[in-house]
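For reference, the structure discussed in these notes is given below.
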Amino acid sequence: MLALGRVINDFFPNADPMMFATLVLERDPLRWLDVPAGVMKWIQDAGGFAAFGILMYGLSRLLPGRVRTPSSASVFQRTLAILSLVVMVLSYGAYLVLLAPALFADFRSMVLGRPSSPIALATRFNVDLLLTAGGAAALVVVLLPIFFDMFRWRFRRIWAIARVSFKEAIRRKILWVFSALILLFMFASWFTPYKPEDQVRNYVQLVFTVMTLLLLPTAALLAAFSIPNDLKSQAVHTIVTKPVERFEIVLGRFIGYMMLLTLVLAVMTGTSLLYVFREITEEAKQTSMRARVPVFGRLVFQDDRNRTFKGVSVGREWEYRNYIYGGANSTNRAAYIYTDLPPDLAARPLARIPCEFSFDIFRTLSLKSEQGKGVLCSFFFQTWQWESQQRPAYDQARAEALRASSGGDARAQIERLTQQIVGRKPTDAEIQAFVADKAPDALQWLIDDLLAEKFGFYHVPSKVIIDYMTQSVDIPSGLFKNALAGNPPPGPEGETAPRFGVLLKCDSGGQYLGFAKYDFYLLAADGNFALNFLMGAVGLWLRLAILVGLCLVLSTYLSGIISFLVGMCIYLGGFCQEFISDLATGKAVGGGPLESLVRLMNKSSLTVNLQESPGVRLALSTDKIYSWVMRRLLNMIPDTDRLDWSNYVSEGFRIGPTDLLPINALMVVAYLIPCFVLGYYLIKWREIASS
Amino acid sequence: MAQNVIVETRRLTKVYRDFWGRQKKRALNALDLKIHQGEIFGLLGPNGSGKTTTIKLLLGLLFPTEGEAMVFGEPAAQVRKNERIGYLPEESYLYRFLNAEETLDFYGRLFNMPAAVREQRAKTLIEMVGLEKDKKRILKEYSKGMRQRIGLAQALINDPQMVILDEPTSGLDPLGTRWMKDLILDLRKQGKTVLMCSHRLDDVQDVCDRVAILYDGELQELGDVDQLLQVANRVQVQATGLSMSEDLRRDFTALIERYGGRLEVFGHPTTTLEDLFLNIVKESKAHPGRRYRPPVDPEPAEPVAGS
């Protein structure tokens, strides 16, 4: 038990061992459910860029005296391309035609100031479908040459270029940069706060930060300068006059640098892991070095008198959590509900399934008598089969079981109780589990488990909640047997009804309890910390892949230093993505740039509605166009924030190898494909020898 | 000489433009050219006359503004033609951090050669260009001549049917120049086509079968070297085993006048400085420590062109 944990346990004798681990996820992680919609959106967006590229290419052909770019298309390929082009033009044309009346109405309302009557010519569905079709056709046009080129790519050539890139970096002694890591290992512990509760978090964050800071700029420099250097030194002349497809150079460079960086990252991760293991005390290791497999639910708030209750805002600037008011008379409730549950939870005989949580306390009552006291919270775990009218029956069954439980050996007890409560014979596994359970409350646990299996209900009254702590309650696996038996009837609109949920109620009058979606989870399993650490490094690897790809592609057209700067800017743009996205989607308070300007001029507050006038209408419409442009720009910025998994590692949550990892890897691929397509054309059409 | 056309340009034009598409320079204007199999073709001209532009257009390093450049019957921008081409750039810009063996291995891989073939080719070529001793040194440490040698080796790695040489003798010492010229002649013997550009006229004269002379992007002259250089109204006689005397001169004058001619020059021919230098080197190698003495009976140096 940790030092601080001991102190707290002196105050609260019933409290659990303390941890500080909290996974704060301000954005929902991507799920497999999001993938189909994501793919559709990708086709629309990437296709839009492709169509733009085609348009630009067509226009440039019209200009006199432009460089004629080489083409090696067969008749078949040309036919395919022309067909796709026709589909693209038709789709986008139809889209514009359908949208034109609405645009016109918008324009008229802007000029005349009359509200536009919505014209229902284009249903949303049609328009979306047209956009997707047009995008897909544009993508086909753009990807066809690459596809046919691909038959001429040879691994041996790509590999040769990859090897040379690798050798170059090593022989130019670029790897010396990474010896800076040694400095960290030598001196970092002087500056790292030595509190056992924070150790794992601090050290993990530290090594990940340093690895990121060392690797990212190096990767960007390597990638950005390689092709421009070859062009400058004309080494590329002897390469492209060999039977090398130009894009093989980009691919080879990419593979070479990724090989190098993978190697470096592996070594760094290995040594960092050893370092973390060495520096962290035994105490901290036991409590914090974990890789929990959480099962998160959906958070909803309820209130008897207010159907649209979404929780109380206590006025904190960080709007991560919402609050419920405590006290006996309060009808505020928070609930985490689950429509899906991992089936293995029900398969564990008589198991105690830990539920971990870290809720926030907001005190409005700070009397002397209240100080140092925790806030109480009651947990009602229930499945879809449970109805609150069953409560008396549940209580009675429990009392009877407790009365009937004494006497006989363990085997006899479990057989009798199982028969009595659920009306069946216990399985061998259950008998074994019960016989092996030497805990003082084993018998009571058995009864609770059986009752949970029968009724689908379990109750933890008045648990002491402590701020900033990850606490835990155990719930019987019988609950999940009940929850997973049969299927709940679908909801009124045909949606899947939840199978299981926990209703939370704050028992302390005058205090608020705050909840966020990721504050509560069922602990399905515990993974390996070291493995999780490696997974965290994979996240860094994915970010490196984005950066290397980006810089390489830019460097097929731009000079080294410019590619480096632009690449870094785009990459770092990922950190302000949220802000840009707010601007792009019009969520930013105070509106877009022109609206903000109008507000500044009129000295009107951010939230006040602006007075209608032609000027204001013009500003608002211009902001619409601006936000459209911003949305397109947003597409170019990689969502690198999603790939920073160091908080998972440091807080001890497993990085899902079947969801988080592959979905995000998919996202990286989705980003890199358009990137490389651009690179393909840039290098193919480049006149290598013109300075 | 077979009449297979290897390279053909039709009204090949290249205009350099700036970013905004404004014309900067017309580097090559409507060049019509045919190069046949098995000949050594020289592109001549002062700096900036469009020699290198032509070569870069033929290699696909630049794209033509107008006209066509066909190599082996295909547009020059096609990658496929590179299978049969070897290219030695003006300066061999190779990766300086590789050694000779690695360099050739790298270029062998670019031709998708299997390991055994690569190894064998690299060995032969390193021997041929005389770099066995230095094959493990990285190219950064090489002299200009050595770099030109490894550059030539990489150009020949695929046993090409056509070799394009951009200023092959620039920066080489007379020994290296001679070696390069012999090698070029040797390539022709193997049936390869050679396209070279140079502004060292003596080299071109020594090796080329046909030349094109460019000036300011325009083709000025095109034809066989022998024909272009032949001075049709002069006759040259050379003989050995004679000593100069007034009698000989008189007899010759009479003989020539009998045929209606007029004697212009009578005397010892001069050799070229190149031949003198090469002789000195040869002699010094044969007799170390002895000062060079010109041969008593000066023989004409063996002709370079082997004609």
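Values quoted throughout were computed directly from the atomic coordinates according to the rules given, and no laboratory measurement underlies them. These numbers were taken from a predicted model, which means no experiment stands behind them. As a convention, Cβ positions derive from the backbone with ideal geometry for all residues, glycine included, and neighbour counts pool all protein chains shown.
Observations, loosely collected:
- Using the rule -39500 (n - 2.57) for each DSSP H run of four or more residues, divided by the residues of chain A, the 222 nm mean residue ellipticity is -19000 deg cm²/dmol.
- Electrostatic dipole magnitude of the protein assembly as shown [Cβ: Lys, Arg +1; Asp, Glu -1; Cα centre; debye, to 20]: 820
- Positive-end ranking of A:Ser508, A:Phe166, A:Leu85 along the dipole of chain A, with charges on Cβ about the Cα centre, is headed by A:Leu85.
- For the residue pairs B:Lys14/B:Lys181; B:Lys51/B:Lys81; A:Lys242/B:Lys144, alpha carbon separations beyond 27 Å are given by B:Lys14/B:Lys181.
- Cα convex hull, chain B: 180 Å³ per residue, rounded to a whole number.
- Listed by chain and number, the lysines placed with their C-alpha closer than 18 angstrom to that of A:Lys195 are A:Lys285; residues fewer than eight positions away on the same chain are left out.
- Segment A:Leu365..A:Phe575, full-extension length gain: 71.7 nm, with 0.36 nm per residue of separation and the alpha-carbon distance subtracted.
- Computed on the stretch A:551-652, the Cα convex hull volume stands at 153 Å³ per residue.
- Its Cα centre serving as origin, chain B has a Cβ charge dipole (Lys and Arg +1, Asp and Glu -1) of approximately 1020 debye.
- log₁₀ of I(q)/I(0) at q = 0.12, 0.16, 0.17, 0.22 Å⁻¹ - the stretch A:443-537, Debye sum with one point per alpha carbon: -0.61, -0.98, -1.04, -1.21
- For the pair the stretch A:397-459 and the stretch A:136-164, the centres of their Cα atoms are 65 angstrom apart.
- Legend: P(r) of chain A from all alpha carbon pair distances, 20 Å bins from 0, whole percents, reading 14, 38, 34, 13, 1, 0.
- Listed peptides A:672-679, A:653-660 appear in the order A:672-679, A:653-660 once ranked by packing, highest mean of other Cβ atoms within 10 Å at the front.
- Across the stretch A:320-527, Cα pairs under 8 Å and at least six residues apart give a relative contact order of 50 percent.
- Proxy reagent accessibility, fewest Cβ within 10 Å first, across A:Cys355, A:Cys551: A:Cys355, A:Cys551
- Shielding value for B:105-116 is 5, the average number of Cβ atoms from other chains within 10 Å of each residue's Cβ.
- Among A:Ala670, A:Leu606, A:Thr622 - extreme Cα towards positive end, dipole of the stretch A:565-680, charges at beta-carbon: A:Thr622
- Note on the stretch A:320-527: Rg/Rh from Cα positions, Kirkwood definition for Rh, rounded to two decimals, is 1.00.
- Projected-area mean, the stretch A:155-220, by convex hull of Cα positions, square nanometres: 6.0
- Rounded to the nearest angstrom and listed largest first, the equivalent-ellipsoid semi-axes of the stretch A:625-669 from its Cα gyration tensor are 29, 12, 7.
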